[in-house]
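Below: the structure, in structure tokens.
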There are 2 protein chains.
Amino acid sequence: MAKKVLKFGGTSVGTIDRILHVAQIIKREFDADHQIIAIVSAMSGETDSLLKKSKSISNNFNPRELDVLLTSGEQVTSALLAGALIEIGVKSKSWQNWQIPILTEGENSNARIINMNVSKIEKYLSEKGVAIIPGFQGISKNGDITTIGRGGSDATAVAVAKIFDAETCEIYTDVDGVYSSDPNKIPVAKKIEKISYDEMLELSSLGAKVMQSSAVQTAMMYNIPLEVKSTFTNRKGTKIFDQQNIDYTKSVTGVAYSKDDAKITLVGVQDKPGVAASIFEPLSKKQINVDMVIQNISSDHKTTDITFTIKRNDLLKTLQTIKENKDIHYNNLSHDEKVSKISIVGAGMVSTPGVTFKMFKSLARENINILAISTSEIKISVIISENDTLKAVKKLHNAFDLD
Amino acid sequence: MAKKVLKFGGTSVGTIDRILHVAQIIKREFDADHQIIAIVSAMSGETDSLLKKSKSISNNFNPRELDVLLTSGEQVTSALLAGALIEIGVKSKSWQNWQIPILTEGENSNARIINMNVSKIEKYLSEKGVAIIPGFQGISKNGDITTIGRGGSDATAVAVAKIFDAETCEIYTDVDGVYSSDPNKIPVAKKIEKISYDEMLELSSLGAKVMQSSAVQTAMMYNIPLEVKSTFTNRKGTKIFDQQNIDYTKSVTGVAYSKDDAKITLVGVQDKPGVAASIFEPLSKKQINVDMVIQNISSDHKTTDITFTIKRNDLLKTLQTIKENKDIHYNNLSHDEKVSKISIVGAGMVSTPGVTFKMFKSLARENINILAISTSEIKISVIISENDTLKAVKKLHNAFDLD
């Protein structure tokens, strides 16, 4: 009998009606002769409401107690869903993480799942019970309640799928899959039927917030097949596999963009070892997340220019950090806060020559100026003026036959 | 160093501001060199809101999952209060019942605390930590979450006080003590400084809903001194002791009443063994709670009359049950749904002759007709017409020098 892990996010269990609907989805899968473990998030809005309570006590609320507070949200959903299943005749039980237990290590609010005991739940599944496990939480070695970061229910689902050796892990959410671009802005964007873990990672780090990236990474590491699908329609979702299992007919799978970036350029930086570190170490200490970094080969072998991008709301902090740090030497510091990053992503581009050229030519034809370029094996990103964002995405979506 | 158990009810922790205020109360007691264990209820309204969620799934929501659901309320309060204490510089930790653990037996929703492990919390107290324990909950032997009935936080507080051998158990609530009568209706009612467990039990079963009765019983059994006091004022509360420690200057401590009663009389019931049982067994099976029962000595040794009172909203169900039951024989069935029960309560009445006579005479002077009488060692209750309720209470309050 195939074992399935089904994960339901906050909007999927956001009201009692939706919980009743989720119970029907589970019943359907259970009746199709699967063993089911369901992972649930807190009802949408709950975690924020609990966070708000903690913030009105302290902006620096004790992390151990914050985890005790927040995990109550998933506990509520797990009990309601188990109760709803029992009501429609499906044997079911909620399993709080300490009852299993799911062991974590690392600090509160940011723990990692390291192990879980399978015996009680395996026994329960074999007795034809549906196990409901609250996501996002765990237990530390000394018996404290921990959480594994916002969006952590995806990580719980993948870890459970791995440790219980599930056939598949289905992520039910409020979108019906991964699209070739943002369907709200690019009406011709299409749902992707199959995608590799790498591509999914590149797309989700670019704002396609369908799944938590670290959960995709874990699934990739252990080769756990994922499927992202909608709780609210019966349509097929997007399957996420190992690259080898995908037959690429197109060089590019999707076009993604992020609009809240800013670009900083240091002109006339000394061209010697350790210079880049001297710039980025103080930024990292200030929790500033640097995204793209471009450094050209020095033409005079003495100085070079370094360009990098950051989130726009980190701009002031970044400029201040650079100016105040006496170890960073440069001739000129410039910035542009009205830029966006456009990326084409596709595992197929490895075997297709001319993708880079085609991208640049398409943008040139629209008279869009490229401010910086960065490439990886399955992604090409360019920084352009923010005003050109949608024009560029539409053009590339069409140029790579995604419409 | 004296150990104190402080219990804070739902209204005492009903908002973030109130939780911050409760943290200050605890800090004051902690700074006065006490070891503190605080027991907390769910924020007021929370339990009802969770119950409502379960009811919109099923009127017969699975009891195990209901307990998982409801205990999230106290978990939230415990985390917020521990966080609030840490914020004002008091070392504190929330302890969920499974972390202690507090063991219960009996069915879900209605379990009883049978034991708890003291080692971890004793160690924590000796390290100058304030332990916050969610009330109302426990763990069954097989590791399920249980609850011990509505109002169960009082029971948790008394059990913790007993097992940790606390010097006192203080019940912080939204009233500042136990009154000689309902202060909202009888403005001359006074706060009682000291009261015995028995008197407290009689008064609280009569609607003075200051504390859960079974918690008072437990405190009485183990002779744990209680104090009921207000979270919102600094005034002294009402101390609840063993009778021996109270010096009675008055025969009557308080006058209580309940207005939602109904009276039923069966005329011409056979006067032979087993008749009363044949009436009350079917009522008990229908979950109808019978309060006063009066049966007079039979004058003709053949038939007698039985009068009893029930809650008014059980009236129709009760009449129906009696009429439908073929084993109950009687000549006539009458009922009166506009009655109320007036009780005078006082451990001092045992040693004061004439209390009963004084009560009846006072009522007679006001032209109030007594429909039924029932007495115990420390209580005399009469059933009268509902319209006379306040007049009777005021008269008795004055007659027994309570104004």
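Below, the figures for the structure above:
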quantity	calculated
Single condition A:Leu50 does not satisfy, out of (1) out of contact with any Gly (no Cβ under 7 Å at 6 or more places or on another chain); (2) at the interface with another protein chain (Cβ under 10 Å from one of its Cβ atoms); (3) assigned to a helix (DSSP H, G or I)	(1)
Residue selected from region A:360-403 under the condition in contact (Cβ under 8 Å) with a residue 24 or more places away in the chain and among the basic types (Lys, Arg), by the criterion nearest to A:Ser204 (Cα to Cα)	A:Lys379
Residues satisfying the stated conditions in region B:248-263, i.e. of a type in the set (Val, Ile, Thr) and surrounded by 22 or more Cβ atoms within 10 Å (Cβ to Cβ)	B:Val252, B:Thr253, B:Val255
Residue within region B:26-44 that is among the aromatic types (Phe, Trp, Tyr), free of Cβ contacts under 8 Å to residues at least 60 places away in the same chain and either in the same structural domain as B:Gly9 (by TED's automatic domain parsing) or touching a His at 6+ places or on another chain (Cβ under 9 Å) (or both) present	no
Residue under evaluation B:Phe357, criteria (1) in contact (Cβ under 8 Å) with a residue 12 or more places away in the chain; (2) loosely packed, with under 14 Cβ neighbours inside 10 Å, criterion not met	(1)
Some residue of region A:103-119 being under 18 Å from B:Ile145 (Cα atoms), crowded, with 19+ Cβ neighbours inside 10 Å and assigned by TED's automatic domain parsing to the domain that holds A:Thr147	no
Filter result (of a type outside the set (Asp, Glu) and within 14 Å of chain A (Cβ to nearest Cβ)) within region B:139-187	B:Ile139, B:Ser140, B:Lys141, B:Asn142, B:Gly143, B:Ile145, B:Thr146, B:Thr147
A:Ser153 modelled with pLDDT of 90 or more, assigned to a helix (DSSP H, G or I) and among the polar types (S, T, N, Q)	yes
Region A:54-63 - residue that is assigned to a helix (DSSP H, G or I) and more than 7 Å from chain B (Cβ to nearest Cβ) and, of those, surrounded by the most Cβ atoms within 10 Å (Cβ to Cβ)	A:Pro63
Members of region B:113-147 that are within 12 Å of B:Ile102 (Cα to Cα), in a strand (DSSP E or B) and touching a residue at least 24 places away in the same chain (Cβ under 8 Å)	B:Ile113, B:Asn115, B:Met116, B:Ile133, B:Pro134, B:Gln137, B:Gly138, B:Ile139, B:Ile145, B:Thr146, B:Thr147
Count - residues of region A:15-26 that are closer than 15 Å to A:Glu170 by Cα and either away from chain B (no Cβ under 12 Å) or of a type in the set (Lys, Arg) (or both)	2
Residues of region B:27-50 classified as surrounded by 21 or more Cβ atoms within 10 Å (Cβ to Cβ) and more than 20 Å from B:Glu87 (Cα to Cα), total	3
Among the residues listed as A:Lys141, A:Lys128, the single one being more than 24 Å from A:Ala84 (Cα to Cα) and among the basic types (Lys, Arg)	A:Lys141
Any hit, region A:211-226, residues being assigned by TED's automatic domain parsing to the domain that holds A:Asn331 and hydroxyl-bearing (Ser, Thr, Tyr)	no
Residue match in region A:214-222 (condition: surrounded by fewer than 23 Cβ atoms within 10 Å (Cβ to Cβ) and either without any contact (Cβ under 8 Å) to a residue 12 or more places away in the chain or β-branched (Val, Ile, Thr) (or both))	yes
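Conditions (1) more than 8 Å from chain B (Cβ to nearest Cβ); (2) touching a strand residue (DSSP E or B) at 6+ places or on another chain (Cβ under 8 Å); (3) within 24 Å of A:Ile19 (Cα to Cα), marked per residue:
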| site | (1), (2), (3) |
| --- | --- |
| A:Leu70 | yes, yes, yes |
| A:Val76 | no, no, yes |
| A:Leu80 | no, no, yes |
| A:Ala84 | no, no, yes |
| A:Ser94 | no, yes, yes |
| A:Asn97 | yes, yes, yes |
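Matching residues to (1) surrounded by 23 or more Cβ atoms within 10 Å (Cβ to Cβ); (2) in contact (Cβ under 8 Å) with a residue 40 or more places away in the chain; (3) under 25 Å from B:Trp95 (Cβ atoms); (4) not β-branched (Val, Ile, Thr):
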{"position": "A:Lys52", "(1), (2), (3), (4)": "no, no, yes, yes"}
{"position": "A:Leu70", "(1), (2), (3), (4)": "yes, yes, yes, yes"}
{"position": "A:Leu85", "(1), (2), (3), (4)": "yes, yes, no, yes"}
{"position": "A:Val90", "(1), (2), (3), (4)": "no, yes, no, no"}
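The values are calculated or read from the model by the stated rules, or taken from the named source; none is laboratory data. Everything numeric here is computed off the predicted structure, so don't read it as measured data. Glycine also receives a Cβ, built like all others from the backbone with ideal geometry; neighbour counts cover every protein chain displayed.
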